[in-house]
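Structure record follows, encoded as structure tokens.
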Amino acid sequence: MENWVRIGDTITLYRDRTAACGFITSDGFSNSSCFFSPARTSEKSLPCIEDAVFEIHVFKNFTASSAYKLELATAGDDSLSSHSSGSEKTIARLKRQYETESKYNERLQQRSLGKVLKYGNIIELKHVKSNKYLRVEPDKIAPKNRDSLMVTVGDVDESSWFKILPRFKLQSEGENVHDGDQIILHNIKTKHSVHVEAHGEGITSPLEINASLKSDDGIGFQILHFARYREGTEHYDNLNGGEIVRLYNKEYEGYLTVETIEGVGNLPIPHLLASRDSKKSSNTLFVVEHEYNADGDLLDWQRPIRFRHLGTGYYLQVRPHEENELVVRKHTTVSMHEEHSGVMENFEVSLTPNHLSRKALFDVQPFYKFQADEGAIRLNSSFRLYSIFAEANLTCLQDTYDSYNNETAFQASSKNEGIRQKLALSSKANDEDTFVFVRVGAEAVDNMNNVVSVKRLFEEFCRSFKKGILPATTPINDGLRSLIFFVQNINPNKTDVDPLTVEEPVVANRQKTMKEQGLLEVLIEMLSCPHIKKSDGTKIIQMEEIESHKNKSFLFLFRLCYRLIKQIIRDNTSCRERLSHQYSVNFMISQVIFL
């Protein structure tokens, strides 16, 4: 089959220049702006490649949608469900037209799937991670290049229409677009082209992506396949690179997970968790990737893969005990058991942030020989994990991180406390160490991505304070507001809702995700930031001046922190118990004097 680009393919937009190589990326949750993220030339990969993946869609019609929303705004109602008394019939008619148009757009996309993309076609690019669309903001100036417009991911409309043009005269309009071609994304509405800001050689931090009228070297990007569109069962029955899965062990009835264990250091530990709720835990989510993660095609039994923990962003790896990396040290030392006489005590299972580490490569070995003949890895296939670096199999020990013995283990599991079994390496291929891939629903993935993205923004806020730098409050306030709305299932686009006073029913699953990802601890740390002392012994923010004009934005930010804490623990006993940790209690007591 020709290596053409087609409607429905997922792609990355890569830039390969002498000065810098990288991808167009966007977080899509905590920050909707687009950036040029540098990557290594040889591997063409990023630590979080999903930030750079887009799906090709045909352009949609928004005539009825625009008219309907305009009428609602004119009637003084910004929702899509209620009607203004003055124009009820008009709104009802426009709503029917809007719904008809939406169904037509869906059918058009379905009919177009698999069609070859040609130069001159108008398309939309859907950011797969956030389900938002690449767009040029016609009314927003780019922050760094004041002659350009902002490029973001957001709601789809006419600002999301891009015409595919060839970067060089080797191709012309009407010809098929080939994987690896240099293209220009020309926005139909603004007449601007997607552009990367000027830069020197050897960049190490993200650059601004904007939309410019210039025709300089900054407008060209290479279109690269991430995964090709596949029809029917071939897509749904097989696993692709970049998919989010759980790894389930049938013998021990537990899921591979990564989390911090109380009393066993402060670092996250990979282990097997067996409990009633482990199948719903957000800490059991892993991104399964090819050796080079910019390849999102079908996984097969013959190629090594990596497992990236979605919550921490770190990769599962195997390493010798004596190395000094981001690892769990003495707590992962294993003891010899008769049941696991092949355990290799000179290796341990740990985590690494290095997305190119050879120690993080695993062979997925099928449990049944006939599976290997199928080529692609199918969903629910049984397999063992074989470490390429250690040349050994991943095994689950009878040893646990808990104080349970065999007699009380069942009682602990029935109480939902969970049993945490240690992982190790074995020279033997044990049947009980067989895992199964379990696909994760879209809602769980979206919830997780939302929480993790904003949490990382909060952690950066805390790091800035510790360096004695006062960070910008606007993105933090936006993140806090979005999570307050998120946990109460409120439309984030509503502008007439006060996050400090709104009180809607909370969503228990979202509270649970926030608790599991350590958001309560991060919020307490944020509230502790004003008490950090500078080198001269003074606090960064004097609490006596917290209500002054210069600290007004920080005061609002800290109130939002308290409000979010309240929403996370509201009507949730488990979250309240998490907040009752001694560190949190001591901090709350210290705040009483400021009441």
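The values are calculated or read from the model by the stated rules, or taken from the named source; none is laboratory data. Keep in mind the model is a prediction, meaning the values are calculated, not measured. Cβ coordinates were reconstructed from backbone atoms using ideal geometry, including for glycine residues, and neighbour counts include every protein chain displayed. These accessible areas exclude ligands, DNA and RNA; they are computed on the full protein's heavy atoms, side chains included. Shrake-Rupley method; radii C 1.70, N 1.55, O 1.52, S 1.80 Å.
Listing for the model above:
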item: Quotient of Cα Rg and 2.2 N^0.38 Å for segment 450-526, N being how many residues it contains; result: 1.14
item: Dipole magnitude of the chain, debye to nearest 20 (Cβ charges: Lys/Arg +1, Asp/Glu -1, about Cα centre); result: 1300
item: Residues of type lysines that residue 144 reaches as a straight line, Cα spacing below 17 Å, ignoring anything fewer than 8 places off in the same chain; result: 214
item: 222 nm mean residue ellipticity, helices alone, for the chain (DSSP H n ≥ 4; -39,500 (n - 2.57); rounded to 500); result: -7500 deg cm²/dmol
item: Net +/- balance of residues flanking residue 99 in space, Cβ distance below 12 Å, scoring K and R +1, D and E -1; result: +2
item: Hull volume in cubic angstrom per residue (convex hull over the Cα atoms of segment 429-565); result: 151
item: For residue 31, residues with placed amide H under 5 Å, excluding near neighbours; result: none
item: Residues of type lysines that residue 428 reaches as a straight line, Cα spacing below 18 Å, ignoring anything fewer than 8 places off in the same chain; result: 369
item: Radius of gyration and maximum dimension Dmax of the chain, Cα, Å; result: 25.9, 80
item: Dipole of segment 112-160 [Lys/Arg +1, Asp/Glu -1 at C-beta], most positive-end residue of 141, 116, 160; result: 116
item: Across 60/455; 69/566; 60/129; 512/533, pairs whose alpha-carbon gap is larger than 29 Å; result: 60/455; 69/566; 512/533
item: For residue 209, distant residues with modelled amide H under 5 Å away; result: 34, 35, 36
item: Summed side-chain charge close to residue 286 - residues other than residue 286 whose Cβ falls under 10 Å, Lys, Arg +1, Asp, Glu -1; result: +1
item: Under 17 Å from residue 534, Cα to Cα: lysines that are on another chain or at least 8 residues apart; result: 466, 467
item: Table column - 3J(HN,Hα) (Hz), segment 380-391, Karplus curve with 6.51, -1.76, 1.60, x for Gly and Pro; result: 6, 6, 8, 7, 10, 9, 10, 6, 5, 5, 8, 6
item: Amide H contacts under 5 Å for residue 314, placed H, 5+ residues apart; result: 309
item: Karplus-derived HN-Hα couplings along segment 167-176 (A = 6.51, B = -1.76, C = 1.60, θ = phi - 60°), whole Hz, x at Gly and Pro; result: 6, 10, 7, 5, 10, 9, 4, x, 7, 5
item: Solvent accessible area, Å² - residue 104, 1.4 Å probe, full protein context; result: 100
item: Local electrostatic count, residue 4, Cβ distance below 11 Å [Lys/Arg +1, Asp/Glu -1]; result: -1
